[in-house]
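Everything below concerns the one structure shown next.
The values are calculated or read from the model by the stated rules, or taken from the named source; none is laboratory data. Model, not experiment: these values are computed from the prediction. Backbone-built Cβ (ideal geometry, glycine too); neighbour counts: all protein chains shown. Protein only, heavy atoms only, side chains kept; ligands, DNA and RNA dropped before computing areas. Shrake-Rupley method; radii C 1.70, N 1.55, O 1.52, S 1.80 Å.
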Amino acid sequence: MGHYAHDLRKLKLHFLACAAHKLHGPKGVGFLHVNHKIKINPMIYGGSQERNMRGGTENVYGIVGLAKALEMAYAEMEQHREHIQGLKTYMIGQLIGKLPGIYFNGETAADKSLYTVLNVSFPEMEMADMLLFSLDIAGISASGGSACSSGSDIGSHVLTAIGASASRPSIRFSFSKYNTKEEVDYTVAKLRELVLINA
């Protein structure tokens, strides 16, 4: 949501989920669109809110923030996509040129991958568990593993399923309309420094 246009009149789907923080909205709020042909049981009983699907007062501030974030995302979606895809493509080229032994988990081609995310597999190293921590200390926000395993220390079932090596550290970089080429250069330079130190 917020990165691709969705026409619910044309899409043949049962459900569509959105988390506001994925499109610069407030954390802790989202929505679930349910096809009118699908019947589901209430999530929380006790009230008639959300068309009798859950009891409890709605998060009005969060809902307004989500609506505004979605409106802003759709306003210049194509320009944002071109900018973000450009940053991702640039980072791929910089990493390939400056860090031997890396590869990318999953597809990286523009027509086969989400343009906002790049998952990088780094060479085996002694201090692999410190790589993400060191990036954080350097002011670089990134995540370990895959989006589906954030906060987990048991490894990513997604990376395992696509055949990624569990012995190599994997880091997921997410791009935004607010990121710059200079930030990519800084990140690649810091990665090169950290990987060479730990080689």
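At a glance:
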| item | result |
| --- | --- |
| Exceeding the 25 Å Cα-Cα cut-off - candidates LYS22/LYS98; LYS22/LYS88; LYS10/LYS177; LYS12/LYS39; LYS98/LYS181; LYS27/LYS98 | LYS22/LYS98; LYS10/LYS177; LYS27/LYS98 |
| Accessible carbon and sulfur surface of the chain relative to its total accessible area, %, 1.4 Å | 56 percent |
| Environment charge at GLU183 (Cβ cut-off 13 Å; Lys +1, Arg +1, Asp -1, Glu -1) | +2 |
| Computed magnitude of the charge dipole of the chain (debye, nearest 20; Cβ of K, R +1, Cβ of D, E -1) | 800 debye |
| Note, ³J(HN,Hα) from phi for segment 95-100, Karplus 6.51, -1.76, 1.60, rounded to Hz, x at Gly and Pro | 5, 4, x, 10, 10, x |
| Unit charges on C-beta of K, R, D, E only; dipole of segment 33-91, Debye | 340 debye |
| Folded to 0 to 90 degrees: helix 60-75 orientation relative to the chain principal axis, Cα | 60 degrees |
| Heavy atoms of GLU71 accessible to a 1.4 Å probe, total area in Å² rounded to 10 | 110 Å² |
| Charge context of MET91, other residues only, Cβ under 13 angstrom, K/R +1, D/E -1 | +3 |
| Potential extension, SER134-VAL34 segment - 0.36 nm per residue separation minus Cα distance | 31.8 nm |
| Area of THR89 that stays accessible when all protein chains are in place (1.4 Å probe, Å², to 10) | 80 Å² |
| Beta bridge orientation in the chain: antiparallel %, DSSP, nearest 5 | 95 percent |
| ILE84 accessible area, 1.4 Å probe, all protein chains in place, Å² to nearest 10 | 10 Å² |
| Dipole of the chain, positive direction: furthest Cα of ALA67, SER121, GLY101, with charges on the beta-carbon | ALA67 |
| Per-residue HN-Hα couplings for segment 169-186 [Karplus 6.51, -1.76, 1.60; θ = phi - 60°; Hz; x = Gly/Pro] | x, 10, 10, 9, 9, 10, 10, 9, 5, 8, 6, 10, 5, 4, 5, 5, 4, 4 |
| Accessible surface, 1.4 Å probe, highest first, among residues SER141, SER174 | SER141, SER174 |
| Exposure ranking of VAL188, VAL60 by accessible area [1.4 Å probe, largest first] | VAL60, VAL188 |
| D (Stokes-Einstein, µm²/s), Kirkwood Cα radius, the chain, 0.890 mPa s at 25 °C | 128 µm²/s |
